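Everything below concerns the one structure shown next.
The values are calculated or read from the model by the stated rules, or taken from the named source; none is laboratory data. These figures come from a predicted structure and were not determined experimentally. As a convention, Cβ positions derive from the backbone with ideal geometry for all residues, glycine included, and neighbour counts pool all protein chains shown. To get the accessible areas, we keep the full protein, side chains included, count just its heavy atoms, and leave off ligands, DNA and RNA. Shrake-Rupley method; radii C 1.70, N 1.55, O 1.52, S 1.80 Å.
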Amino acid sequence: MDIKKIMVVGAGQMGSGIAQVAAQAGFETVLHDLNFDIVNKGLETIKKSLAKFVEKGKITEAEKNEILGRIKPSDSLKNAADCDLVIEAVVEKMEVKAKIFAELDQIVPPHAILATNTSSLPITEIAAVTKRPERVIGMHFMNPVPLMKLVEVIRGLQTSDEVYKVIEELSRKMDKVPVECKDVPGFVSNRVLQVMINEAIWCLYEGVASVEGIDTIMKLGMNHPMGPLALADLIGLDTVLAILEVLYQGYGDPKYRPCPLLRQYVKAGWLGRKTGRGFYSYV
Ligand code: NAD
């Protein structure tokens, strides 16, 4: 199967990054969100990221413009009617994703593949709202997408071998390294990562050390490039909480119980970098 045109649904930090790498790999790309204001913000993020690549000499100004020229904005899912692949990257909520997949299933051509960038939600459950569960798959990119090499590729119960192979090959075309993973809550990446982030938040909640103290201990002590609280701010605290809820419910194990401080920050609208305030201030 030949993929030529890709729609990315959700123009937030992940969706804009995915659209960027799709366009960089030469695909015709449609970047979709609820309205053009949000899509334009996503396009601005892509422009800034590509400008940095030009500065570093990785691409030329002309290549930057060609890449941008391959990305078309969209505020209607109907624009997926001639797409071979849709990659969904909207908020980490099953009801929102399920609604989008049911709608896309009616719009895209029969051969099209529907992929989700979910961090933790069951691929099998998302696939079940469509009439093409064998053509639904998890394609989990890492943040920031243009820089991070990994794509966790998650097969739902009914995902076909053909679809898996297409997505594996596509990930390589996007200059990523695909790794296969089973459909369990949080897959591998977030099952491991979020326990560490949550534990760091519990340390802060219990006054074990300061924000900077916790992050410095993990950076210098474990050779991590960034501390867990800074990483939580990068991911978005709403997303961190949503993933922990999926892990907590999915495994029924108290080790995944989200720290109350995380819930409080999310209620306050302190979602990390994207809102200017999380464990750190970005204003
Ligand atoms: P984000 O908040 O930056 O962006 C989400 C976007 O979805 C927003 O632009 C919002 O307007 C849009 N949206 C919401 N409902 C929509 C709808 N019905 N139709 C179209 N667009 C809609 O979030 P994000 O960090 O980009 O995360 C998106 C997805 O990627 C989530 O499933 C998340 O779990 C996953 N993910 C996030 C990270 C991370 O580090 N943040 C990493 C890997 C995967």
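In the structure shown, do any of Lys149/Lys267; Lys5/Lys56; Lys173/Lys274; Lys5/Lys78; Lys93/Lys149 have a Cα-Cα gap over 23 Å, and if so which? Cα-Cα > 23 Å for Lys149/Lys267; Lys5/Lys56; Lys173/Lys274; Lys93/Lys149; rest within.
Contact order for the range 5-182, expressed relative to its length and based on alpha carbon pairs under 8 Å spaced 6+ residues apart, stands at 21 percent.
Between Met196 and Lys52, the simple spin-label model (points 7 angstrom out along Cα→Cβ) gives 2.1 nm.
From the alpha carbon centroid of the range 135-204 to that of the range 208-283 is 20 Å. Between Lys131 and Glu169, the modelled label-to-label distance comes to 2.7 nm, taking each label 7 Å out from Cα in the direction of the beta carbon.
Of the residues Lys176, Lys52, Lys267, ranked by 1.4 Å probe accessible area with the largest first, the sequence reads Lys267, Lys52, Lys176.
In order along the range 135-148, the Karplus-derived 3J(HN,Hα) couplings, from 6.51 cos²θ - 1.76 cosθ + 1.60 at θ = phi - 60°, round to 10, 10, 8, x, 10, 9, 7, 9, 9, x, 4, x, 9, 8 Hz, and Gly and Pro are given as x.
Shown in residue order for the range 88-100 are the 3J(HN,Hα) couplings computed by the Karplus curve 6.51 cos²θ - 1.76 cosθ + 1.60 at θ = phi - 60°: 8, 9, 9, 3, 7, 10, 4, 5, 5, 5, 4, 4, 5 Hz (x for Gly and Pro). With Cα atoms defining each centre, the range 110-128 and the range 65-104 are spaced 13 Å apart in the structure.
Full-extension gain between Ser281 and Gln158, please, as 0.36 nm times their residue separation minus the C-alpha to C-alpha distance.
Numbers: separation 123, 0.36 × 123 = 44.28 nm, distance 4.39 nm.
Going from the current span to full extension adds 39.9 nm.
The stretch between Ala209 and Asp82, if pulled fully straight at 0.36 nm per residue, gains 40.4 nm over its current Cα-Cα span. 3J(HN,Hα) couplings calculated from phi for the range 66-73 with the Karplus curve 6.51 cos²θ - 1.76 cosθ + 1.60 (θ = phi - 60°) are, in sequence order, 5, 4, 4, x, 7, 9, 10, x Hz; Gly and Pro show x.
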